[in-house]
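Enquirer: Take this structure first; my questions come after.
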Amino acid sequence: MSARTLPSAVLRLRNALRASYTRVQDAIDNDMMPAGVDGTVENTNVNLIILPRPDLRGEFENQTFASQSDMRRVEHVFAAKAEQLEEIELAKIFCKLPSSALAVGGSTGRTVAVLAVASAGCGKTFVFTKVGPMKWASGDMWSDFDIVVYGELRHPEVRKATGISELLDLKGRNILNVHDQETINKFVTKNPERVLVVLDGLDETSLSDCSKYVYDLIHGEELAGIRLVVTSRPCADVFTLSKKKHFRRRVELVGFHRPDVTRYVKKVLKPDTAEALLREISDDEHLASMMATPIMAKETCKIFHHTQE
C-alpha cells in the first residue's frame, strides 16, 4: 500500500472496509467447501479469461436477446472463444491495457473500466465481490487502491444510490459522519485512480432502473478517472457497454475445464471419495458437463461427500 499520508477519514474508511472484507474469509471457505473438508478459497480454480474488446460486437450488437435460446447461443460463443484465449490473473485485470489507457497509478481523467462476463454459476459475483475485496484487505493484491468498494445491482439501495458516500457507507458500516463524507468526496474527486468500484449483476437489473448517478457511473460520466468493474451474464446491456471507450478490457469467467474439475475434486474431497466421484464423472457425460460450472461442482461435491459418509 502507498506510504503517503492519507486523510484520517480515508484511513478510518479503509480500515473499516478491510475489517469487513477480512471477516468474509471463513464464510467463503465454509460456502465453497463441503462440510467436514478442509480447504481455502484458492481451491475454486475459477479461470479468468481475456476476451479482446472487438470480439462479438458485429455479430451481436443489434440483437435484443429476448429469449433463453438467444442467451444460450451467446453463452456458447463466449465459451468457444475462451478456449482459444489467454488467461489473466484477477490481480492483473487493470495491467497491460491497450495503449490508450493507463494502468493503475496514473490518471487519464477518464474512467478506466473492465467488463466481466460469465454464465450463471461460473463465479463472477464470488470472484469480484468476495475474493477480490478480501485479497485487497489482506494486502495480497490491488495495493495501488486506497478504497475498494462493491455493490450488487440487484439491491435497490445500490442501484438507486445518489453518491459515492452511499456506496461506501453500505460497506463501511455507517461510520461516515457528515464531515467524513465531505473529506472522502474531496479525496475521491482529487484521486480517482486510487478508487476501485465493483458493480455486480448488471443483468439482474435494467440501466433504466438505476439512479442517474449509478447510470452515469457505469457509463464513465461520473467520478471520471476511477477504476470500475461491471459484472454481468451475457445480455443486451453488455454488448452496448462493450462499445464504450472507457471499457478497456472485457474478461470472461469460463468456469472449469476438465483438468480443473479433477484438481477441484481432489482438493476438496478425501482421496477415496474423490476417486469415486471422478469415476462417476468419467462414466457420465451429463455429470461431466454439470461439473464445468463451479457452483454445480461445489454442490455435487457436497452431496457426494454426504452420500459417502
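Enquirer: Test Leu228 against the criterion of being hydrophobic (A, V, I, L, M, F, W, C), open to solvent by 20 Å² or more (accessible area, probe 1.4 Å) and in contact (Cβ under 8 Å) with a residue 60 or more places away in the chain, and give yes or no.
Expert: Considered against the rule, which asks whether it is hydrophobic (A, V, I, L, M, F, W, C), open to solvent by 20 Å² or more (accessible area, probe 1.4 Å) and in contact (Cβ under 8 Å) with a residue 60 or more places away in the chain, Leu228 comes out as no.
Enquirer: Quickly run through region 128-151 and pick out the residues that are in contact with a strand residue (DSSP E or B) (Cβ under 7 Å, 6 or more places away or on another chain) and open to solvent by 20 Å² or more (accessible area, probe 1.4 Å).
Expert: The answer is Tyr150, and nothing else.
Enquirer: So how many residues does region 212-225 have that are open to solvent by 20 Å² or more (accessible area, probe 1.4 Å) and over 9 Å from Thr111 (Cβ atoms)?
Expert: Counting residues in region 212-225 that are open to solvent by 20 Å² or more (accessible area, probe 1.4 Å) and over 9 Å from Thr111 (Cβ atoms) gives 3.
Enquirer: Here is a follow-up. Would it be correct to say that Val188 is open to solvent by less than 10 Å² (accessible area, probe 1.4 Å), closer than 17 Å to Thr231 by Cα and of a type in the set (Val, Ile, Thr)?
Expert: no
The values are calculated or read from the model by the stated rules, or taken from the named source; none is laboratory data. A quick note: this is a predicted structure, and the numbers were derived from the prediction, not measured. We place every Cβ from the backbone using ideal geometry, glycine too, and count neighbours over all the protein chains shown. Protein only, heavy atoms only, side chains kept; ligands, DNA and RNA dropped before computing areas. Shrake-Rupley method; radii C 1.70, N 1.55, O 1.52, S 1.80 Å.
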